[in-house]
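The values are calculated or read from the model by the stated rules, or taken from the named source; none is laboratory data. All of these numbers come straight from a predicted model, not from anything done at the bench. Ideal geometry is used to build each Cβ from the backbone, glycine not excepted, and the neighbour counts take in all protein chains shown. Just the protein is used for accessible areas: all its heavy atoms, side chains included, with ligands, DNA and RNA removed. Shrake-Rupley method; radii C 1.70, N 1.55, O 1.52, S 1.80 Å.
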Amino acid sequence: MKNKGLTFRVMQIQGPVPNQLMHSSDSQGYSPLVPGSYPHQMPAKVPPHQASGQYSYSSSQNVSQLNNYQGPGQTLNKPPVAPFSGSPVQQTGPVPQVLQPALQNSAAISSAGSFPPGASPPVLSNWQYSQSPGSQPVGSQTSHLAHVTGTGAAQPPSSLSGNTNPPGNYQYAASPGGPPLQNSYMKPGSAPPPVTQPLIPLHPPARPPLAPPPSGGPPLIRPSTLIAGPPNPQSLLNSAASQEGDATSAASDGSVVQNSYDAIEGGGLMATPHSSPAPPNLKMNRSVGYSYPALPPGYQNTSPPGAPGMQASTLQYPDGSKHFHQPALATNHLTASMGGLSLQQEGLRPVNLLQERNILPTALLKAPVPNLHEDIQKLNCNPELFRCTLTNIPQTQALLNKAKLPLGLLLHPFKDLSQLPVVTSSTIVRCRSCRTYINPFVSFLDQRRWKCNLCYRVNDVPEEFMYNPVTRVYGEPHKRPEVQNATIEFMAPSEYMLRPPQPPVYLFVFDVSHNAVETGYLNTVCQTLLDNLDLLPGNTRTKIGFITFDSTIHFYSLQEGLSQPQMLIVSDIEDVFIPMPENLLVNLNENKELIQDLLRTLPQMFTKSLETQSALGPALQAAFKLMSPTGGRISVFQTQLPSVGMGALKSREEPNQRATAKDIHLTPSTDFYKKLALDCSGQQVAVDLFLLSGQYSDLASLGCISRYSAGSVYYYQSYHHKHNPVQVEKLQKELKRYLTRKIGFEAVMRIRCTKGLSIHTFHGNFFVRSTDLLSLPNVNPDAGYAVQMSVEESLTDMQVVSFQSALLYTSSKGERRIRVHTMCLPVVTTLSDVYLGADVQAITGLLANMAVDRSVSATLSDARDALVNAVIDSLSAYRSSVLSVQQPGLMAPYSLRLFPLYVLALLKQKAFQTGTSARLDERIFTMCQVKNQPLVYLMLMTHPSLYRVDNLTDEGALNINDRTIPQPPILQLSVEKLSRDGAYLMDAGSVMFLWIGKNCGQSFLSQVLGVPNYGSIPQIMTHLPELETAESIRTIAFISWLREQRPFFPILYIIKDDSPLKASFLQNMIEDRTESALSYYEFLLHIQQQVNK
């Protein structure tokens, strides 16, 4: 470490920090360059092109290059394709390609599994079935394999000395609390909370395959739709040429650097065919790219335990000798039968929206069920994890354009699951060509060969895969867990690592300026951290560190042997350096007492500080330098606009312009935070931002630090421990969830789809690394993602298409894991079938993401127009092309009956509304939520649920863990539905309102609210008293159940007619008119007028 020009002071923590800071006369600062640091961004080698057939709502939308693109969506390149005639064209620019440093030797996964530290798992097998609710999710990703062959490559059986036993040992590990093993593959239960719903279905002993049949059998698709015959084998085999992408890029110095993550995961959208597949026996034992910096003890390279892989058995089956027969699910002669007609007619039944006013379901709307044969559908992915805007995929882009509906996927890939099959095997079976993971929708031609359901290449079945560890039978590869579960997690072997799995590293960065101290947030955060220190996900390697800042940056040395923490102050914020880097991130277990001392002392240390400046930018630069060698998570708490140093910002909010849709500042005012986020992403660091501010803090600029580093944004408007105590409880609850939820490190995700479909735009918090590989330094179970798709080539001869997401990540226990979700959907040829399979919630969610991008790249009014045009266009197309008899009124297919209502709800949501005094930061935060929340929470925020709760009964109630949860019907969001005699609960996702009518019954007032009369209800009331009455127990059980199903904590406001919050309650009455927005009926009249033009 340099001694010259050090501008820091060491002091023992004994009281308030003095303001006089030492400055060195020498301005030379210490700015260590992190070894193997993140190379400069470079454009991908693909030239700009025109993406074909992207349907553009209202005016055409041009997407600028990602370097300059400040919106949350990221658009990728595809090879040039001639646009379909008549379809609008979008121009997309080159996507920067970010290169990832790699380690010299890849090390094996630690075998700790999900066992407690110190306990060793039973060494029984290479195959593990784990059902622990807390088990870390498995990530998986795909990448181009330029020089490295993935483990899924089919290998010829090698000779073994006549061993007739199954090839390898297998282990069943049922984690504590999991169900008994014999019930491992139970059918999903009907337990209502989605979080705990089991995912693993019960499968019949012999699963019918997707292969074209040798003879007749049940049709793959319900016979209500006529579909062309099976794929032409010749055309499909032509596409099976090995696609192993070029995983190298030119570095800034002209040298070639391995794009290492791409090389691990294999074959994405841009995979280029080679004449022959890579040899299957190549080992990844040489340097890929350049190495990571020297690693601290306990984090050094380790050699893989045991033998590198299992040898295959010598059991040989001559072709056909043990051929097994699968009942066929596809047939050449699909005839329309009466079987599915009732469903078909209901889905297509025209609804006159102007006449049928009571169309809102009384229970939460469920995802539509794809029109597949039941044997296939029961294997399909849970729609909570993976769903498509259209459950009937149009055969051509022209048909999709005609329907005027967006095609896209919505994902919740790392969702908490109560049951998740985990497979540990030396062989992860993947397609040799496109690198798809084997899944329930592949076809087994015979025991030895399977056909990929994405590229149709025929692959060999590896010898080890012949043994089924569940049934303990040899020769039944089609019954393996990988082929019986659409969601599965693999323990990844060392080939899937660029370096030894990183330890969990958590760095907390606190604003301690005068403004921050005034809010009192430090007390809440430090106490919550103290309470949950032992629950942070991790193991014996977990590290933790702290930085505080005002106009200077304060580090805290937690070196072992110190009697108390030492503060190190760096006042040179223009050239930030790290003093004593070896003692700032310390092992949590070995230094727990010092860490606890610091957390107890921090809130009092700055109480007398008069420092009003905020050097957030330099503090983040310091945090990045500290975290770069390992990667991990930075949690930054900020209470005001950054005012000094790099990244300083000026206020751009003009209160008089809040109500207009013009000239509001939705774009970042500087690219500092985005560039720093990309640097963080390159070093596997994610930044989560907690903004606790009463004043404008330019979240549009600050939010970039989280958006591009795969972090999250939390916003607590006007947080104050005394003036706004209800926010304190919200912060406590949400911070506890944030600290204790599972986490995946150094993750990447790739989404693959059947040949002919292509992905062109991604939505969510991440950075697009090589055209289609999403870089996720951290992945959490509360994050959602969306992608837009197009039909690039006609899907002729295909009955079904498949989509697969693969998330590769490191668990907090140091295991490299892959979580794979696969979904199968039918292909249709008629417009009526496209409408029949429309998923109105998924369509609304995808349009909301697109509208955020439009707001940022164009204007808010453009985005609003585009949303309205989406409704007009789709209903016009339905009226002109599907309805045989033109009828008066506004006609919609039954599947889209809620589409106008949901779009009107979006127009009234804080992200897109006009005419209200929504603060700019509040609007930006809502846009952040749209881009990063799973669909189920986004829909609740957009269209709240309204219940009458003064007459709750046990009729139709749920019984969960000995609790009875009432299930009142959902009401329309209109004042017409309110009665002064009742009490109504509005669940708007992040907030709840309990409105009490003036004439509400005395029993509810006394037995639920605990007050003698209406006048006694306090003006500010946010909690229900826990009373020993049946009414109180029911009401509290219902509200608690609603709260438990989401990762954030909705505050409950109990309001009366004269409550100041009544306006907020009425603002959510979507169907009623407001000063600046139409009522639902007026909106329908406007749509009808446009449709009939």
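According to the square roots a ≥ b ≥ c of the eigenvalues of the Cα gyration tensor, what is the shape class of the stretch 935-1093, taking rounded for a/c under 1.5, prolate for a/b larger than b/c otherwise, and oblate for the remainder?
prolate
With the Cα gyration tensor of the stretch 697-847 in hand, convert its eigenvalues to equivalent ellipsoid semi-axes via √(5λ) and list them largest first in whole Å. Please report the intermediate quantities before stating the final value.
Values: eigenvalues 261, 82, 43 Å².
Sorted largest first and rounded, they come to 36, 20, 15 Å.
Check each of the trypsin sites (Lys or Arg not before Pro) in the stretch 344-386 and keep only those in coil by DSSP with at most 10 other C-beta atoms within 10 angstrom; list them in order.
Working: sites: Arg357, Lys366, Lys378; in loops: Arg357, Lys366, Lys378.
For trypsin sites (Lys or Arg not before Pro) across the stretch 344-386 that sit outside H, G, I, E and B with at most 10 neighbouring Cβ atoms in 10 Å, the list reads Lys366.
Could you list, in their original order, any pairs among Lys543/Lys931; Lys675/Lys931; Lys733/Lys908 whose Cα atoms are separated by more than 23 Å? Display every interim value, and only then the final one.
On the way: Lys543/Lys931 31 Å; Lys675/Lys931 20 Å; Lys733/Lys908 28 Å.
Lys543/Lys931; Lys733/Lys908, as the Cα separations exceed 23 Å there.
I'd like the trypsin sites (Lys or Arg not before Pro) in the stretch 647-756 restricted to DSSP loop residues with at most 12 other Cβ atoms within 10 Å, sorted by number.
Sparse-neighbourhood loop trypsin sites (Lys or Arg not before Pro): Lys650, Lys662, Lys722.
With a/c under 1.5 counting as rounded, go ahead and sort the stretch 795-946 into rounded, prolate or oblate using the C-alpha gyration tensor (a ≥ b ≥ c being the square roots of the eigenvalues; past the cut-off, prolate if a/b is larger than b/c, else oblate).
Working: a/c = 2.33, a/b = 1.08, b/c = 2.16.
Taking the square roots of the gyration eigenvalues as a ≥ b ≥ c, the stretch 795-946 is oblate.
Any idea of the accessible area per residue across the stretch 873-992, 1.4 Å probe, to the nearest Å²? Present the calculation step by step, with values, prior to reporting the outcome.
Details: 4070 Å² over 120 residues.
Accessible area per residue: 34 Å².
Averaging sequence separations of C-alpha pairs under 8 Å and six or more residues apart, then dividing by the length of the stretch 541-667, give the relative contact order as a whole percent.
25 percent.
Which parts of the stretch 867-900 would a label at Glu1082 reach, counting a residue when its backbone N lies under 15 Å from a point 7 Å out along Cα-to-Cβ?
Label zone hits: none.
Taking the alpha-carbon centroid of each part, what is the distance from the stretch 603-652 to the stretch 839-864 in angstrom?
One Cα centre to the other: 32 Å.
Grab the eigenvalues of the alpha-carbon gyration tensor for the stretch 697-770, scale each by 5, take roots, and send me the semi-axes largest first in whole angstrom. Kindly include the intermediate steps, with their values, before the conclusion.
Numbers: eigenvalues 237, 50, 23 Å².
So the equivalent ellipsoid measures 34, 16, 11 Å along its semi-axes.
So, for the stretch 735-850, what is the accessible surface per residue at a probe of 1.4 Å, expressed in square angstrom? Display every interim value, and only then the final one.
On the way: 1370 Å² over 116 residues.
That works out to 12 Å² for each residue.
Ranked highest first by the average count of other Cβ atoms within 10 Å around their residues, in what order do 963-975, 896-908 fall?
Working: 963-975: 17.2, 896-908: 23.4.
The most tightly packed comes first, giving 896-908, 963-975.
Within 10 Å, count the other beta carbons around each residue, average over each peptide in 443-450, 636-643, and list them highest first.
Peptide ranking by packing, descending: 636-643, 443-450.
Looking at the stretch 553-701, send over the antiparallel percent of its DSSP beta bridges, to the nearest 5.
About 40 percent, rounded to the nearest 5.
What Rg and what Dmax come out for the stretch 341-438 when only alpha-carbon atoms are used, in angstroms?
Radius of gyration, then largest Cα-Cα span, for the stretch 341-438: 18.4, 62 Å.
Could you provide, to the nearest whole Å², the per residue accessible area of the stretch 423-485 with probe 1.4 Å?
Accessible surface, normalised per residue, equals 20 Å².
Compare the peptides 775-781, 793-799 by average per-residue count of other Cβ atoms within 10 angstrom and give them in order, highest first.
Most protected by this proxy first, the peptides run 775-781, 793-799.
Under the rule a/c < 1.5 gives rounded, and otherwise a/b versus b/c splits prolate from oblate, where does the stretch 634-731 land using the Cα gyration tensor?
Taking the square roots of the gyration eigenvalues as a ≥ b ≥ c, the stretch 634-731 is oblate.
For the stretch 413-540, give me the percentage of DSSP beta bridges that are antiparallel, rounded to the nearest 5 percent.
So the antiparallel bridges amount to about 75 percent of the total.
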